[in-house]
1. Within the stretch 313-328, which residues are within 22 Å of E283 (Cβ to Cβ), out of contact with any helix residue (DSSP H, G or I) (no Cβ under 7 Å at 6 or more places or on another chain) and within 16 Å of the ligand (Cβ to nearest atom)?
2. Just name the residue that is nearest to the ligand (Cβ to nearest atom) out of those in the stretch 176-199 that are in contact with a Gly (Cβ under 7 Å, 6 or more places away or on another chain) and free of Cβ contacts under 8 Å to residues at least 60 places away in the same chain.
3. Scanning for something surrounded by fewer than 14 Cβ atoms within 10 Å (Cβ to Cβ), under 18 Å from the mean Cα position of the chain (by Cα) and outside any helix (DSSP H, G or I), does the stretch 72-92 turn up at least one residue?
4. How many residues are polar (S, T, N, Q) and crowded, with 19+ Cβ neighbours inside 10 Å when one looks only at the stretch 271-298?
5. Any chance the stretch 22-42 includes a residue that's in a loop (DSSP other than H, G, I, E, B), on the phi < 0 side of the Ramachandran plot and touching a residue at least 40 places away in the same chain (Cβ under 8 Å)?
6. Restricting to the stretch 212-257, name every residue that is assigned to a loop (DSSP other than H, G, I, E, B), within 19 Å of L187 (Cα to Cα) and touching a Phe, Trp or Tyr at 6+ places or on another chain (Cβ under 6 Å).
7. Tell me, which strands (runs of 3 or more DSSP E) lie completely within the stretch 302-353 with 1 or more residues that are among the acidic types (D, E) and at negative phi?
8. Check whether at least one residue in the stretch 205-216 is crowded, with 24+ Cβ neighbours inside 10 Å, within 11 Å of the ligand (Cβ to nearest atom) and touching a residue at least 40 places away in the same chain (Cβ under 8 Å), and report yes or no.
Amino acid sequence: MTLEAIRYRTGSLQILNQLLLPHQTVYDDVRSVQDAYEAIKTMKVRGAPAIAIVGCLSLAVELRAGAGGDDPVTFIRESLCHLTSARPTAVNMGRAARELMEFAENESMEKNSEQLRESVIAWIEDMLERDVNDNKKIGNYGAQHILSGVPRDSVTILTHCNTGSLATAGYGTALGVVRSLYTLGRLKRVYCTETRPYNQGSRLTAYEMVAEGIPATLITDSMAALTMREMDITAVVVGADRVVANGDTANKVGTYQLAIAAKHHGIPFYIAAPSTSCDLSLESGRDIIIEVRPPEELTSINGVPIAAPGIEVWNPAFDVTPHQLITGGIITELGVFLPSELQAALTGRLTAL
Ligand code: MRU
């Protein structure tokens, strides 16, 4: 079974509404940039790569219908600016916006509006294939790296949040590593955290693992340290929303405490992320803007209140793991690198390990 979170055919885009999973499988039409902005903001679609891909595809849908008229460059600029403002922490949408804008401006020098729309659409459509290919490389590099460090036949992984087909164009990053290990016949089990408050682990990762028959066990976030001590965890592998120049990494809130617990137990801690999630323009994690989400995500589940009325809430959606705790490495489509090697690797001065 191939889980299709993003359905795109030229001129039409649908997304699997992740607010309704795992109980209902409903595809919502995304007809405009504004539809995509709202889907991203309300987390109908989430996960750093998927946010960028859906955002850009919504622009492709509008361009296909002739949006921008005689001045598509202005329309593209305003649309990308709006999409980038939906969620601030993941860098992928902002990065895609910058690259796409540069491409569009160059193209506009020698093409008329219609030709420009066509080439921008082609650039965007290519994102889908590039992301799946990168994820497969991440899966392969990650699996080999983890296996090279262990004498055992099979390994046990602990992961956090959802980094699979639902968070990307397909296959996934950290969950791509899990998929690769499973395909190699070397995965004993993956432990996935519930990932409060939005429950990406229990709703989405568990859904993907069950659908594919990958051996998986759900734990609450508060069971992670105990699981590391008792369940012979080989490695912790998580995704990233933004990896900055010194290797500090923003990812789903709770990642930081997993890294601390992994260090205490001597378990290698890996970040799995495409280079599109890296941001060398920021020096350290202190520079990353952390999105704070509505209190209702903590105080209720599916509209049912679960907290004492009147309690004050702090709901940061992400935290930053300092590079010193990323002991296994950063798994990218270019290879696996230590945080200290990341800049050289991304600028082509270092090749895969
Ligand atoms: O708030 P979310 O669900 O968008 O957060 C998702 C994560 O933190 C993922 O780990 C990250 O985006 C990587 S997805 C391949």
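The values are calculated or read from the model by the stated rules, or taken from the named source; none is laboratory data. Note that this is a predicted model, so its numbers are computed, not measured. Cβ coordinates were reconstructed from backbone atoms using ideal geometry, including for glycine residues, and neighbour counts include every protein chain displayed.
1. Applying the first criterion (within 22 Å of E283 (Cβ to Cβ)) to the stretch 313-328 yields 316, 318-327.
Adding the requirement that they be out of contact with any helix residue (DSSP H, G or I) (no Cβ under 7 Å at 6 or more places or on another chain) leaves 316, 318, 324.
P316, F318 - these are the residues of the stretch 313-328 that are within 22 Å of E283 (Cβ to Cβ), out of contact with any helix residue (DSSP H, G or I) (no Cβ under 7 Å at 6 or more places or on another chain) and within 16 Å of the ligand (Cβ to nearest atom).
2. Taking the stretch 176-199 first, the residues in contact with a Gly (Cβ under 7 Å, 6 or more places away or on another chain) are 176-177, 179-180, 192-195.
In the following step, the residues that additionally are free of Cβ contacts under 8 Å to residues at least 60 places away in the same chain were identified as 179-180, 192, 194-195.
Numbers: R179: 13, S180: 15, C192: 12, E194: 13, T195: 8 Å.
Residue satisfying both the conditions and the ranking: T195.
3. Going residue by residue through the stretch 72-92, those that are surrounded by fewer than 14 Cβ atoms within 10 Å (Cβ to Cβ) are 74, 78, 81, 85.
Narrowing further to those that are under 18 Å from the mean Cα position of the chain (by Cα): 85.
Now narrow it down to the ones that are outside any helix (DSSP H, G or I): 85.
Checked the stretch 72-92: at least one residue is surrounded by fewer than 14 Cβ atoms within 10 Å (Cβ to Cβ), under 18 Å from the mean Cα position of the chain (by Cα) and outside any helix (DSSP H, G or I).
4. Step one: filter the stretch 271-298 for residues polar (S, T, N, Q), giving 275-277, 281, 284.
Within this subset, residues satisfying the condition of being crowded, with 19+ Cβ neighbours inside 10 Å are 276-277.
Residues that pass the stated criteria total 2.
5. The first filter runs over the stretch 22-42 and keeps only residues in a loop (DSSP other than H, G, I, E, B), leaving 22-26, 30-32, 42.
Now narrow it down to the ones that are on the phi < 0 side of the Ramachandran plot: 22-26, 30-32, 42.
Add one more test, that the residue is touching a residue at least 40 places away in the same chain (Cβ under 8 Å), and what stays is 22.
Yes, the conditions are met somewhere in the stretch 22-42.
6. Residues of the stretch 212-257 that are assigned to a loop (DSSP other than H, G, I, E, B), as a first pass: 213-215, 220, 231-234, 239-241, 245-248, 253-254.
Now narrow it down to the ones that are within 19 Å of L187 (Cα to Cα): 213-215, 231-234, 239.
Matches in the stretch 212-257: I214 only.
7. Details: elements: 318-321, 329-332, 335-337.
Ranges flagged: 318-321.
8. yes
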